[in-house]
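Structure first, then comments.
The values are calculated or read from the model by the stated rules, or taken from the named source; none is laboratory data. In this text the structure is predicted, and so the values were computed from the model without any measurement. Here the Cβ is made from the backbone with ideal geometry for all residues, glycine too, and neighbour counts use every protein chain on show. Quick note on the areas: whole protein, heavy atoms, side chains included, nothing else; ligands and nucleic acids left out. Shrake-Rupley method; radii C 1.70, N 1.55, O 1.52, S 1.80 Å.
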Amino acid sequence: MEEKSIFEKFEMQFDESAKGFLKETAKWANVLSIIGFVGIGFMGLAAISGLLSSKITTLSVGPLNGITGKTIALIYLILIVIYFFPVYYLNKFAVNVKKAFRENDSSTLTESFKSLKSHFKYIAVFTISFIVLYVSIIVIAIIIASVKYS
């Protein structure tokens, strides 16, 4: 007969203060996800506006010289796709935490933590990707500058 380790026997219990913190966290996560979805909606409106303005003219302001409305719409559509997933996972976390406490369902609570993990994983991978991109740009700029001015 196999004996279970202490970690396999361990069962975590939430005390009332931990439950309160988790419920409050879910409320704030819900607020942030709603703000995120509203932001995505505004980006959608900006994309539509860019498509409509592409029939009128191109921008000719400083560094935006020659950028068409279609390009702006494409940029906003890419941003919508990038921004949607962390907001969606955050919303799923908030909804599932509320449901788990309302129905006293530990499997729903587990699902909420799975969504929270996905949210943070997405944000972390995205952040690391941009750090690598920025470092690469800086290194390339230094190399180009050293070749050009040497």
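The table for this structure:
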quantity: Residue list for the range 103-150, filter: among the basic types (Lys, Arg) and at pLDDT 95 or above; calculated: 114, 117, 121
quantity: Matching residues, the range 117-147, being open to solvent by less than 90 Å² (accessible area, probe 1.4 Å) and either touching a strand residue (DSSP E or B) at 6+ places or on another chain (Cβ under 6 Å) or under 21 Å from residue 79 (Cα atoms) (or both); calculated: 118, 119, 122, 123, 124, 125, 126, 127, 129, 130, 132, 133
quantity: Pair list, Cβ < 7 Å and 6+ apart or interchain, from the range 117-134 residues that are under 14 Å from residue 83 (Cα atoms) and in a helix (DSSP H, G or I) to residues that are at pLDDT 95 or above and open to solvent by 80 Å² or more (accessible area, probe 1.4 Å); calculated: 122/85
quantity: Count of residues meeting criterion [open to solvent by less than 70 Å² (accessible area, probe 1.4 Å) and acidic (Asp, Glu)] in the range 103-116; calculated: 1
quantity: Per-region count, the range 83-102, residues farther than 13 Å from residue 37 by Cα, crowded, with 17+ Cβ neighbours inside 10 Å and not β-branched (Val, Ile, Thr); calculated: 6
quantity: Only listed residue being modelled with pLDDT under 95 and in contact with a helix residue (DSSP H, G or I) (Cβ under 6 Å, 6 or more places away or on another chain), chosen from 29, 46; calculated: 46
quantity: Number of positions in the range 53-75 that are at pLDDT 85 or above and either open to solvent by 80 Å² or more (accessible area, probe 1.4 Å) or under 15 Å from the mean Cα position of the chain (by Cα) (or both); calculated: 2
